[in-house]
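Engineer: Sharing a structure with you now.
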Amino acid sequence: MKARISSATKHIFAIEILDKLPGLFKPYRYLYHCARCKWSFVVNDGPSGVITALDDRDNPLPHDEARSRIATFALGPCPSLQVLNAAHGPIQTSNGTEATTVDHTHRSRPRGLLALGI
Ligand SMILES: [Zn+2]
């Protein structure tokens, strides 16, 4: 269950191959761009697989902000999903009080359909 929740909150990346680092047997650099939150990361941006977080204009972010974004790179959470969770507040009833439980009304099928066996 925990793996299912974390996979749902990960970034959804579109990956672009940028260029190859200079030198023999050096890896390619990749641009990872999240389709949900629009955050961008450059992978292999230097020796030993460095990840760089980019701002909206593809400039490297300041150290603290970059560090917090890079921490979400592999497992999330994607910030666009956090906005959805924050917008989902308590349910208000028609008289202005908060509902404590969800009303589970069981609806029966129309009688005509029951008679037909559908
Ligand atoms: Zn994202």
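Every number here is computed from the coordinates shown, using simple stated rules; none is lab data. Not measured: the values here are computed from a predicted model. Cβ sites come from the backbone with ideal geometry, for glycine too, and all protein chains shown count toward neighbours.
Engineer: Could you list, in sequence order, the residues of the range 15-48 that are away from the ligand (no atom under 16 Å from the Cβ) and in a loop (DSSP other than H, G, I, E, B)?
Structural biologist: Within the range 15-48, L21, P22, G23, L24, F25, K26, P27, N44, D45, G46, P47, S48 meet the criteria.
Engineer: Would you pick out the residues in the range 49-77 that are surrounded by fewer than 16 Cβ atoms within 10 Å (Cβ to Cβ) and either in contact with a Gly (Cβ under 7 Å, 6 or more places away or on another chain) or assigned to a loop (DSSP other than H, G, I, E, B) (or both)?
Structural biologist: G49, V50, D55, D56, R57, D58, N59, P62, A71, A74, L75
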